Amino acid sequence: MSGLTTPLSAGRLAAYAGLAVLGFVVGVAGALVQGGWFPGGLLLALLALAGLCHGGATATRSRIGGAAPGAGWLVSVLLLSATRAEGDFLFGAGLGSYIFLLGGMTVAVICATIPKLPQPGGPAARLGK
């Protein structure tokens, strides 16, 4: 089942909202960790996002389950990358910040659009035969 053909229920909507909130939290934590522990923190932040997006898609059995954490992550990163009136900002102009931003978007898109594999135990022949 793809995310667009899965019937929406209150539980499914709550799961998507929860995944979006978790994506927001992973975005905030990743923004702090990637700059603090540069090579390892960056890898840890991107792996956390990939795990959450893939886990959301697997748990909900839909592509929206993989896109919801990516959307939450994107909102948090956009909010944290905006400069404030005082001139404060969280992301520096270094290579690690750009890799985190572009790599996170790439990971979220890949996890949200990865093709679903057929379930084991299904018929070996095509459905039309």
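The values are calculated or read from the model by the stated rules, or taken from the named source; none is laboratory data. From a predicted model like this one, the values you see are computed outputs, not experimental measurements. Positions of Cβ are generated from backbone atoms using ideal geometry, with glycine treated the same way; all protein chains shown enter the neighbour counts.
Tabulated data for the structure shown
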| item | result |
| --- | --- |
| Odd one out for SER9 among (1) surrounded by 16 or more Cβ atoms within 10 Å (Cβ to Cβ); (2) more than 15 Å from LEU101 (Cβ to Cβ) | (1) |
| Segment 16-25: number of residues that are buried (at least 23 other Cβ atoms within 10 Å of the Cβ) and closer than 18 Å to LEU102 by Cα | 1 |
| Residues (of a type outside the set (A, V, I, L, M) and at pLDDT below 80) located in segment 103-118 | PRO115, LYS116, PRO118 |
| Test for LEU79: is it without any contact (Cβ under 8 Å) to a residue 24 or more places away in the chain and within 20 Å of ILE99 (Cβ to Cβ) | yes |
| Within segment 30-54, tally of residues that are surrounded by fewer than 16 Cβ atoms within 10 Å (Cβ to Cβ) and under 20 Å from LEU79 (Cα atoms) | 2 |
